[in-house]
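Enquirer: Have a look at this one.
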Amino acid sequence: MAEFLLEFLSEEIPARMQRRAGDELVRLLTAALKDANLAFDAVEAYATPRRLTVRADGVPVEQPLRQVERKGPRTDAPQQALDGFLGSIPIALDACEVREDKKGSFYVAVWEETGRPTADVLSEIIVQVAADLPWPKSMRWGATRMRWVRPLHGVLAVFDGKVLDGAIDTGDGMLAFGGQTRGHRFLAPDPFEVSAFEDYREKLRSAHVLVDPAEREAAIREQLQALCEAEGLAVPEDDALYAEVTGLVEWPTVLVGTIDPDFMDLPVEVLVTSMREHQKYFGLHTRDGALAPRFAFVSNLNPADPAAIVSGNERVLRARLSDAKYFWDLDRETPLEDRVAALDGIVFHAKLGSVGEKVARIAKLAEWISAQAGDAAAETVTRAARLAKADLVTGMVGEFPELQGVMGRYYATAQGEDGAVADAIAEHYSPQGPNDTCPTAPASVAVALADKLDTLSGFWMIGEKPTGSKDPFALRRAALGVIRLILENDVRIALRELFAVARDGYANTDAEQDTDLLAFFFDRLKVHLREQGVRHDIVDAALGVSGGGDLVAIVERVRALAAFADSDDGANLLTAYRRAANIVRAEEKKDGAAFAGDDYDPGVSTDEPVEAALWTCLQESEGTLGTALAEERYGDAMRALAAMRGPVDEFFDRVTVNVDDSDVRRNRLRLLARIQGVMNNVADFSKVEGG
């Protein structure tokens, strides 16, 4: 067994593409080795900004012999068919086997295929993998026809310690396979020979390249932790930024710089966003959480004079923050109210009008929601909704779009708006994901709900719904946001009512849209509850009697139903429900007639006390259930169901349903249907697994 080492050396690969490219390279090489009948122990990929590397271990030096079997035509097939078959196999017709199937006799060619040297096969695989490797964006360079993420400079291809023969045709010459690579672009640019992966890894380390991304990230974290501890600062916890800077360097050196005091009065979010998003710097905080006038960055050098590198980065940051300070000072000169009119010039969607029109709809919908919930002053909600999008036309949000809402709060506070209004402006985009904080202030909840519901209603109206994995307008996220806002704030408004009012904002009279949108929300609710450990069938059962979509009531019913289904009484009653349903279904099919529980006549079987006891129990349970459900006492409803277990069990133990007397038989089938009907007042138990 031998080792195969492949490296594509290129110009800088964007950090966001490196991990995916490595995964794709492993996928393509693994599939190619399997197709070539080449075994392997492991395939691993590594990436740096300038190289994409894969190592396959435990590969045989030759393809093994393999038996090939190919089915041919029938033995009485025309000569032309036989000739065609013989032309595709390496053996004569009399060497083929004759086998039988239900259609008759046919030929089967069986032969052993000699393996090729693995080195020859790998040379072909490299060319194919290079052509098939997908990139989110790729380019041509010079006169080449080949596409790659960045200009490709070299292909290192070594198998069993020897360089493979072969080359990639770039369309502007052949890029031959070699046994050399290069180290760090500036610190060790000269080429050197490698013979195997460990040799490759160690020589690259000596040439100031850590080829393993995990090792580079660990080095960054260790250096940053040591620097923070030395200065009494908190160690940053930003996994995404660690991963990104890991993809920007081959030889990481972490350094710390100072933020100019002139900029420390900027909003914290502006400072952090400017450093993180534009410069890939870590904003550093004190151990009590305050932003310190310090930042950390990762250099791709091993500088003899670190102070010069730090000074240069401080100058770059100073220029960036100067722009931010300019916008901060300029934006505060114009009140948010005076910016609202400019929203008419921003397109929300070509078919849905401007952002200004959306703001008007949000204001009306938020007012209605607030009036139903009764928790926020109408003027507060109206003001917050009117100003919610105004920061979109500020210079700061133009420079830092991710700060929309956040800057609105700062500007609203600076101009003396009520704190609830300022908070609602900042929070109306939330929650934007399952881990995002959900607003709780009444005005914030009303405006956030209105914003998301208006978006969903509008996109449903124009037929722009999520399909499969595609959701370009983040409508699934918006629906989940609505669900969380309602559940976490105990908002008692049915979804159908919300949809109808949101639809009115577009003068849309298509009520069928609400039914489709409700089904979409129920799918999102199932996902949301499943992530909390609730069984999907329990959710389906509760949704089967959901009515207008009061989410708070639905979830309370789901939780009570889940507890009931897990109890002994619940499990046994669900078994009885299934038994009753199966009997009724079978007899309805046999008779060609339906048996309705409401048609049960208690006078038909007056001589059967067990049947009479069950009928009495069902009547009492139905009344108790009706009251408990109307008052949303779902625990009491489940206890009423549990009380049915004894009479139902006794009925099945002691009473025969399919008796000779046809009137009694039909009446007892109606009684079984009545059991289902009473239980289905609580949930659609036909959807509960095992129930």
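The values are calculated or read from the model by the stated rules, or taken from the named source; none is laboratory data. In this text the structure is predicted, and so the values were computed from the model without any measurement. Positions of Cβ are generated from backbone atoms using ideal geometry, with glycine treated the same way; all protein chains shown enter the neighbour counts. Heads up: the accessible areas ignore ligands, DNA and RNA and are worked out on the full protein's heavy atoms, side chains in. Shrake-Rupley method; radii C 1.70, N 1.55, O 1.52, S 1.80 Å.
Enquirer: Any idea which of LEU574, LEU629, LEU614 is open to solvent by less than 20 Å² (accessible area, probe 1.4 Å) and under 18 Å from PHE685 (Cα atoms)?
Expert: LEU574
Enquirer: Right, here's the next one. For ALA81, work out the one condition from (1) among the hydrophobic types (A, V, I, L, M, F, W, C); (2) outside any strand (DSSP E or B); (3) within 30 Å of LEU33 (Cβ to Cβ); (4) touching a strand residue (DSSP E or B) at 6+ places or on another chain (Cβ under 8 Å) it doesn't fulfil.
Expert: Result: ALA81 passes all but (3).
Conditions (1) among the aliphatic types (A, V, I, L, M); (2) open to solvent by less than 60 Å² (accessible area, probe 1.4 Å); (3) more than 23 Å from LYS364 (Cβ to Cβ), marked per residue:
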site: ALA388; (1), (2), (3): yes, yes, no
site: VAL393; (1), (2), (3): yes, yes, no
site: MET396; (1), (2), (3): yes, yes, yes
site: LEU403; (1), (2), (3): yes, yes, yes
site: VAL406; (1), (2), (3): yes, yes, yes
site: ASP418; (1), (2), (3): no, no, no
site: ALA424; (1), (2), (3): yes, yes, no
site: CYS438; (1), (2), (3): no, yes, yes
site: ALA441; (1), (2), (3): yes, yes, no
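Enquirer: From the list ASP537, ASP523, pick out the single residue that is within 30 Å of PHE564 (Cα to Cα) and either in contact (Cβ under 8 Å) with a residue 40 or more places away in the chain or buried (at least 21 other Cβ atoms within 10 Å of the Cβ) (or both).
Expert: ASP537
Enquirer: Looking at region 338-357, can you tell me whether even one residue there is more than 30 Å from ILE462 (Cα to Cα), small (Gly, Ala, Ser), assigned to a helix (DSSP H, G or I) and open to solvent by less than 20 Å² (accessible area, probe 1.4 Å)? I'd like the intermediate steps shown before the answer.
Expert: Of all residues in region 338-357, those more than 30 Å from ILE462 (Cα to Cα) come to 338.
Among the residues that remain, those that are also small (Gly, Ala, Ser) are: none.
So far as region 338-357 goes, no, none of its residues is more than 30 Å from ILE462 (Cα to Cα), small (Gly, Ala, Ser), assigned to a helix (DSSP H, G or I) and open to solvent by less than 20 Å² (accessible area, probe 1.4 Å).
Enquirer: Would a scan of region 14-24 turn up a residue that is in contact with a His (Cβ under 8 Å, 6 or more places away or on another chain) and surrounded by fewer than 18 Cβ atoms within 10 Å (Cβ to Cβ)?
Expert: no
Enquirer: Next question, about the same structure. Would you point out which residue out of LEU321, LEU317, LEU330 is farther than 25 Å from THR440 by Cα, out of contact with any Lys or Arg (no Cβ under 9 Å at 6 or more places or on another chain), open to solvent by 60 Å² or more (accessible area, probe 1.4 Å) and in a helix (DSSP H, G or I)?
Expert: Result of the check over LEU321, LEU317, LEU330: LEU330.
Enquirer: Having 2 or more residues that are under 43 Å from the mean Cα position of the chain (by Cα) and hydrophobic (A, V, I, L, M, F, W, C) is the bar; report the helices (runs of 4 or more DSSP H) wholly within region 574-691 that clear it.
Expert: The helices (runs of 4 or more DSSP H) meeting that bar are 609-630, 634-642, 662-679.
Enquirer: Which one of these does ALA350 not meet: (1) in contact with a helix residue (DSSP H, G or I) (Cβ under 7 Å, 6 or more places away or on another chain); (2) free of Cβ contacts under 8 Å to residues at least 60 places away in the same chain; (3) of a type in the set (A, V, I, L, M, F, W, C)?
Expert: (1)
Enquirer: To continue, here is another question. Filter region 245-299 for residues that are in contact with a helix residue (DSSP H, G or I) (Cβ under 7 Å, 6 or more places away or on another chain), within 24 Å of THR48 (Cβ to Cβ), open to solvent by 20 Å² or more (accessible area, probe 1.4 Å) and part of a loop (DSSP other than H, G, I, E, B) and give the result.
Expert: Matches in region 245-299: LEU248, LYS280.
Enquirer: Would you please name the residue that is least open to solvent (accessible area, probe 1.4 Å), looking only at residues in region 449-484 that are among the polar types (S, T, N, Q) and within 17 Å of the chain's Cα centre (by Cα)?
Expert: This residue is THR467.
Enquirer: So is THR656 of a type in the set (Val, Ile, Thr) and closer than 25 Å to SER567 by Cα or not?
Expert: When the stated conditions are applied, THR656 does not pass them.
Enquirer: Still on this structure, please answer the following. Please find, among ALA586, ALA581, the residue that is open to solvent by less than 60 Å² (accessible area, probe 1.4 Å), without any contact (Cβ under 8 Å) to a residue 12 or more places away in the chain and aliphatic (A, V, I, L, M).
Expert: Criteria check complete, one pass: ALA586.
Enquirer: Kindly indicate the residue of region 225-244 that is touching a residue at least 24 places away in the same chain (Cβ under 8 Å) and exposed (fewer than 15 other Cβ atoms within 10 Å of the Cβ) and also nearest to GLU399 (Cα to Cα) among those meeting that condition. Give the steps one after another, and end with the answer.
Expert: Initially, region 225-244 is screened for residues touching a residue at least 24 places away in the same chain (Cβ under 8 Å), giving 227-228, 231-234, 236, 238, 241-244.
With exposed (fewer than 15 other Cβ atoms within 10 Å of the Cβ) added as a condition, the list becomes 231-232, 238.
Values: GLU231: 32, GLY232: 33, ASP238: 22 Å.
Once the filter is applied, the top-ranked residue is ASP238.
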